[in-house]
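Only one structure is covered here, and it is reproduced in the block below.
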Amino acid sequence: MTGVSLCIIIHSFVGISPKEGAPGTLITIRGENLGLDRRDLLSVKICGVEMLLTADWISCNKITARSGRGIGMCNFLVFLC
């Protein structure tokens, strides 16, 4: 039997700021268990636009990224390893 490791980490998002801004605005995402380093950051989508190239993993509690060209109310998605 081969060994398989399964790791489940609960990521908790506490907030995002600022709540609104023009395209190119630096957005801060705060939470818990947001990875151990930059390599854990797989995708950051803001208004459906992949913004991983603008994203910076600051700490396990903070990620920043620049907003794209989304207009109006929209979602953000963060995928972590």
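A short reminder: the numbers here are calculations on the coordinates, not readings from a lab. Keep in mind it's a predicted model, so treat the numbers as computed, not measured. Note that we place each Cβ from the backbone using ideal geometry, even for glycine, and neighbour counts take in every protein chain shown.
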key: Cβ crowding within 10 Å averaged over residues, with 12-24, 47-59 ranked highest first   = 47-59, 12-24
key: Gain on full stretching of the segment that runs from Thr25 to Leu52 - 0.36 nm per residue minus C-alpha separation   = 8.3 nm
